[in-house]
Amino acid sequence: MPDFTATAPGKIILFGEHAVVYGQPALAVPVSKVRARVIVRPNLDPGKEGIQLFAPDIGLTARLRDLEEGHPLKLAVTGLLSELGVTSHPACSIHITSTLPIASGLGSSAAVTVALIRALSGFLGHPLPDDAVSELAFEVEKVHHGTPSGIDNTVITYAQPVYFSRGEPPQILPIEKTFTLVLGDTGIPSPTAKTVSQVREAYRDQPERFRDLFQAIGDLTDRARAAITTGNPEALGPLMDQNHQKLQEMGVSSSALDHLVEQARRAGALGAKLSGGGQGGNMIALVDRGKAPHVAGKLRDAGAKNTIITEVGTTGNQAG
Ligand code: PMV
């Protein structure tokens, strides 16, 4: 068997994070400038049977069978093998690298899982269709996130802008007119499971207030979808500002995120919000294309550890 390589992009949520866990729609787009890459190589050394895993970014070198039960990489591999009906582990090594920062709202866990499922299924001669890849990745996301909505595995598997509602088939979103986003990373890692469970507790304490917040965010998402599909992306700016305010009210923003959002607006962004789980990770700003380097520079001056300029466009992988 020859080597088999697969990659998967990062993603950002444009609208609807957290509310999507409670049945509201959300919009997300892939970010292909950052990627997870997995190479599966046959292991021809007769002394080394089974599956070896190498993930230098997280300092992992292990045999699959030595990883603890419930380890997400183990779950991805065993889930795939059982889906394919493969009972004996093929002699191979799996090499995982990623340019996605961990726990920062860019979907690093889902990107690694999707690339891994694609590389290993391809290596075994049984490449899976997208819906099966996404479903398997969703099972692994449960280990990372507890109660994921499924949006990360969906947008990363399809590598297209999606309009997503929990439990419904994802809708690929046609982009009528390209628009530009600047992402700013607070550099503060924030596990999604933590903010998701904080929101769950707050929802339990104040069900009515939170139902209203989720509904208001869902309405913003629907207005954003209309703006995108009718070629009016400039209208996304104020909608992003409003979505950020609702996320602040939910308690998932932070002073670092608010600061970058404010600085982006001052630098001329059309709108800005946190993206993903919040309390750390990334924010996004909608900008006129020509202003993107300026806004990115201002974000770095304001403390962003990294910035990415990405186009959400009409063809191919949509975001660069
Ligand atoms: O932090 P991220 O980018 O993985 O996004 C999480 C999005 C949430 O809506 C907060 C959770 C989910 O599963 O949809």
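The values are calculated or read from the model by the stated rules, or taken from the named source; none is laboratory data. Bear in mind that the values here come from a model prediction, so they are computed numbers and not experimental data. Every residue, glycine as well, gets a Cβ built from its backbone with ideal geometry; the counts of neighbours run over all protein chains shown. Areas reflect the complete protein model, heavy atoms only, side chains present, ligands, DNA and RNA absent. Shrake-Rupley method; radii C 1.70, N 1.55, O 1.52, S 1.80 Å.
Whole-Hz Karplus ³J(HN,Hα) for region 171-182, in order, using 6.51 cos²θ - 1.76 cosθ + 1.60 and θ = phi - 60°, x for Gly and Pro?
9, 6, 9, x, 9, 6, 9, 4, 9, 10, 10, 10
With every protein chain present, what is the per residue accessible area of region 1-144 (1.4 Å probe, Å²)?
On a per-residue basis, region 1-144 sits at 41 Å².
Dipole of region 97-158 (Lys/Arg Cβ +1, Asp/Glu Cβ -1, origin at the Cα centre): which of T154, H144, P101 lies farthest to the positive side?
P101
Checking the table K74/K246; K74/K298; K142/K273; K194/K305 against a 32 Å threshold on Cα-Cα, which pairs fail?
Long pairs (Cα-Cα over 32 Å): K74/K246; K74/K298.
Report, to the nearest whole %, how much of the accessible area of the chain belongs to carbon and sulfur atoms, 1.4 Å probe, protein only. Working shown, then result.
Details: 6620 of 13110 Å².
Accessible surface attributable to carbon and sulfur in the chain totals 51 percent.
For D3, enumerate residues with amide H under 5 Å from its amide H, sequence gap 5+ or separate chain, H modeled in the peptide plane.
HN-HN under 5 Å from D3: empty list.
Counting helices only, and only those DSSP H runs with n ≥ 4, report the 222 nm mean residue ellipticity of the chain as the sum of -39,500 (n - 2.57) divided by its residues, in deg cm²/dmol to the nearest 500.
Here the helix-only value at 222 nm equals -13000 deg cm²/dmol.
What percent do you get for the relative contact order of region 207-259 when only Cα pairs under 8 Å and 6+ apart count? Before the final figure, lay out each step's value.
Working: 20 pairs, mean separation 18.1, N = 53.
The value is 34 percent.
For a quick check, take a GNM of the chain with Cα springs below 10 Å and name the residue from G146, G278, G107 with the largest mean-square fluctuation.
G146
Just to check I understand the Karplus step: with θ = phi - 60° and J = 6.51 cos²θ - 1.76 cosθ + 1.60, what whole-Hz values come out for region 63-70, glycine and proline as x?
7, 3, 5, 8, 6, 5, 4, x
Taking Cα centroids, how far is region 60-127 from region 231-308 in Å?
First find each Cα centre; the distance between them is then 33 Å.
Most mobile of Q206, Q263, Q198 per a Gaussian network model of the chain (Cα springs, under 10 Å)?
Evaluated over the chain, the most mobile residue of the options is Q206.
What is the set of long-range amide H partners of G276 at a cut-off below 5 Å, with H atoms built 1.01 Å from backbone N?
HN-HN under 5 Å from G276: I13, E17.
Say we join alpha carbon atoms closer than 10 Å with springs in a Gaussian network model of the chain; which of P72, P169, P238 then has the biggest fluctuation?
P169
At a threshold of 8 angstrom on Cα-Cα distance, excluding pairs fewer than six apart, so keeping six or more, what relative contact order does the chain reach in percent? Before the final figure, lay out the partial values.
Details: 728 pairs, mean separation 74.4, N = 320.
Relative contact order comes out at 23 percent.
Could you tell me how many cubic angstrom of Cα convex hull volume region 164-320 has per residue? Walk me through the intermediate numbers first.
On the way: hull volume 17.8 nm³, N = 157.
Looking at region 164-320, the number lands at 114 Å³ per residue.
Taking θ = phi - 60°, what integer Hz values does the Karplus form 6.51 cos²θ - 1.76 cosθ + 1.60 yield along region 267-282, in sequence order, with x for Gly and Pro?
Values per residue, Gly and Pro as x: 7, x, 5, 7, x, 7, 7, 6, 9, x, x, x, 6, x, x, 9 Hz.
Just reorder T180, T61 by solvent-accessible area, largest first, 1.4 Å probe, all chains present.
From most accessible down to least: T61, T180.
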